[in-house]
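Down below is the structure, laid out as structure tokens.
The values are calculated or read from the model by the stated rules, or taken from the named source; none is laboratory data. Because the structure is a prediction, the values reported are computed rather than measured. Cβ sites come from the backbone with ideal geometry, for glycine too, and all protein chains shown count toward neighbours.
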Protein chains: 2
Amino acid sequence: MTIKDIARISGVSVSTVSRVLNQHPDVSEDARNKVLEIVERYNYIPNNSARALGQSKSDNIGLIVRGISNPFYTSIIHEIEKDIEDAGYTLVMQQIASTADELLAGAMMEQDKRLLGLIFLGGRLDYTKEQVAAIDIPFVSCSSNNAYGTLDSDSYSSVSIDDTQTAYEAVKGLYQGGHRRIAVLLSRPDDGSVSQIRYEGYVKALTEMGMAPEEDLIISVGSYNIADAYQGMLQWLDRGISFDAVFAIADNLAMGAMRAMRERGIEIPKQCSVVAIDGIEVSEYMAPALSTYCQPMEQLGSTSVQLLIDLIEQEGAHQQVVLPTVFRQGGTIMER
Amino acid sequence: MTIKDIARISGVSVSTVSRVLNQHPDVSEDARNKVLEIVERYNYIPNNSARALGQSKSDNIGLIVRGISNPFYTSIIHEIEKDIEDAGYTLVMQQIASTADELLAGAMMEQDKRLLGLIFLGGRLDYTKEQVAAIDIPFVSCSSNNAYGTLDSDSYSSVSIDDTQTAYEAVKGLYQGGHRRIAVLLSRPDDGSVSQIRYEGYVKALTEMGMAPEEDLIISVGSYNIADAYQGMLQWLDRGISFDAVFAIADNLAMGAMRAMRERGIEIPKQCSVVAIDGIEVSEYMAPALSTYCQPMEQLGSTSVQLLIDLIEQEGAHQQVVLPTVFRQGGTIMER
């Protein structure tokens, strides 16, 4: 049912229906009653989002969260949910495995839930134009951008930190602290995700410092799970490769690796420094507290919602927003 | 719009509409086309939940999560979301502060989103009949029951562990390990939440062992937040009360307290044993790994959804399901 159907059935003009739905005062009592009667008869949702009616759509905004066990997402999701509700929309959320295809999930959700817009949290960075063609509504990539994709910058929106630059700074900091055998702990170095783009920062820093990146110092654990990082680190340690620092591309991976090192008798930071990116709350409660570059989680969420609503309501322009990180001094770095 | 409206407008019987919507084969091509035309004209959701149309409702099931920062909920939420989608419904989720009123939030969501049913995760245990009268749809309490409320057992559904018994076993275990100064770390001992019901188990164990519970050994931090547990524990330690063990009513609180003890030079488990309830993944990565009684998180979620769908679809009977916990041996308990 569209706003036109309501106008036709109630016998008033489309603009009158619009005024009633938007609670404008300049509508006759009679016309208002007619419109509201139809709205009631057809059991329309008594919500504050008349937009949804006008477009013959729901008031649903979708959120696809990729990589369900990453605690980094918790406060971002909370902020997104709050802001979407505050703006009068309904959040429909779906969590998918980090190996699943968020564009396919988004396209299906768009149809099933008649979405007005979509936010992808933790998505890939390598969308092609052909792949996103399946999505017919505005979408915003939250915490990732399209660094490896083929989208034109005026055709998509994203809100993220500068992942490569942050990783570069973290590794440069280790180098300046005297470390020369810096391992990198990641999901995969070539998966088109945040893992890859942070790995690029690691390579950039090493190269700039005149050190060639070594295959042996790449610890690929295949996911962002703490348990996989723990197991992957144990296996890597068994290879006996010498190292004096670990740059973990995510707090969650660092926490798993710290347990593995502890169990193998490696003292942090005395024998090995650890630095990461993300800044989740619980990593500050590790022993020692993790030194890490914190993402502005609430701001990542709120900016994504704001961008998306501008796209939905005002056909705003696409932008790629980059937010700054803040270093949190823990106890996992010691100068050599 | 109800199934009757569709029948009236399309000029076929109500049962024919029902057969079309449920994709029964025994409908004439002509009648099917008429019904589908109306469905399309009024832009009905092409989903697999004809129930929603028949009842002139949405296919929404609500989930209210109370206490947003508790990582204990993450895998329960994921399971609930998965099972609700698999059953052909749409999950509408809202996270509220642990101080907020989940019944009020539920009543508002019921109206706004035209819910078929509700799941409360992390709610209070002291609902009165008057309070739940605001909720007109079936609901299930997940991870809490109505131990302190006035609801009749045949009038509400819940899925939880036996909180008092688990706390009792944890504290009895500490006693049998030679501990005689056992502190309890909790949100509040009298807040009508899981904090209180686990505190009862602590009191029961001490009493049974012939020890009087002491006011001085109750560490009330006012929330389930890790940061509040850390601060509350620091303040309590400054009072200089002697103790040899801490029973934390939640993993999250234990992790905050362990950091506080570490910073004050208290060695775990040598000087103080720690045991908790919940069994979240990250607490196993603490140094030492937390010894804790694990809740069956996925089963809590899946059983709640199953109960609720039975209530919605088949008007099933209310039940209070109690699931078992499993002890996870960490490194935070040492016999005296």
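The numbered conditions (1) in contact with a Leu (Cβ under 7 Å, 6 or more places away or on another chain); (2) surrounded by 20 or more Cβ atoms within 10 Å (Cβ to Cβ); (3) within 21 Å of B:ALA245 (Cβ to Cβ) are all true for B:SER193 except (3).
Residues that are farther than 24 Å from A:GLN306 by Cα, at pLDDT below 75 and away from every other protein chain (no Cβ under 11 Å) do occur in segment A:24-36. For segment B:155-172, the count of residues that are modelled with pLDDT under 95 and within 18 Å of the chain's Cα centre (by Cα) is at least one.
Annotation: B:GLU315 fulfils all but one of (1) surrounded by fewer than 24 Cβ atoms within 10 Å (Cβ to Cβ); (2) in contact (Cβ under 8 Å) with a residue 60 or more places away in the chain; (3) not assigned by TED's automatic domain parsing to the domain that holds B:VAL221; the unmet one is (2). Of all the listed residues (A:SER69, A:SER56), the sole one being under 30 Å from A:SER143 (Cβ atoms), within 14 Å of chain B (Cβ to nearest Cβ) and at pLDDT below 85 is A:SER69.
Would you point out which residue out of A:ASP228, A:ASP251 is acidic (Asp, Glu), buried (at least 24 other Cβ atoms within 10 Å of the Cβ) and touching a helix residue (DSSP H, G or I) at 6+ places or on another chain (Cβ under 9 Å)?
A:ASP251 is the lone residue from the list that is acidic (Asp, Glu), buried (at least 24 other Cβ atoms within 10 Å of the Cβ) and touching a helix residue (DSSP H, G or I) at 6+ places or on another chain (Cβ under 9 Å).
Identification of helices (runs of 4 or more DSSP H) wholly contained in segment A:82-186 with 2 or more residues that are closer than 30 Å to A:VAL246 by Cβ yields A:163-176.
Within segment A:301-322, none of the residues are away from every other protein chain (no Cβ under 12 Å), closer than 30 Å to B:GLY331 by Cβ and of a type in the set (D, E, K, R).
The requirement of being away from chain A (no Cβ under 14 Å) and closer than 25 Å to B:GLU102 by Cα is not satisfied by B:PRO213.
A quick yes/no check of all residues on (1) touching a residue at least 12 places away in the same chain (Cβ under 8 Å); (2) surrounded by 21 or more Cβ atoms within 10 Å (Cβ to Cβ); (3) more than 11 Å from chain B (Cβ to nearest Cβ); (4) out of contact with any helix residue (DSSP H, G or I) (no Cβ under 8 Å at 6 or more places or on another chain):
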site	(1), (2), (3), (4)
A:ASP244	yes, no, yes, yes
A:ILE277	yes, yes, yes, no
A:ALA289	yes, no, no, no
A:MET334	yes, no, yes, yes
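A single member of B:GLU284, B:GLU263 is free of Cβ contacts under 8 Å to residues at least 60 places away in the same chain, under 23 Å from A:ILE280 (Cβ atoms) and surrounded by fewer than 17 Cβ atoms within 10 Å (Cβ to Cβ), and it is B:GLU263. Summed over segment A:119-151, residues that are among the polar types (S, T, N, Q), surrounded by fewer than 21 Cβ atoms within 10 Å (Cβ to Cβ) and in contact (Cβ under 8 Å) with a residue 24 or more places away in the chain total 1.
Would you be able to tell me the number of residues in segment B:152-181 that are within 18 Å of B:SER193 (Cα to Cα) and either aliphatic (A, V, I, L, M) or surrounded by 24 or more Cβ atoms within 10 Å (Cβ to Cβ) (or both)? Selection size over segment B:152-181: 6. Sub-9 Å Cβ pairs linking a first residue in segment A:224-240 that is within 12 Å of chain B (Cβ to nearest Cβ) to a second residue that is part of a loop (DSSP other than H, G, I, E, B) and among the hydrophobic types (A, V, I, L, M, F, W, C), at least 6 apart or interchain, are A:ASP228/A:VAL221; A:ALA229/A:VAL221; A:ALA229/A:ALA250; A:TYR230/A:VAL221; A:MET233/A:VAL221, ordered by first then second residue.
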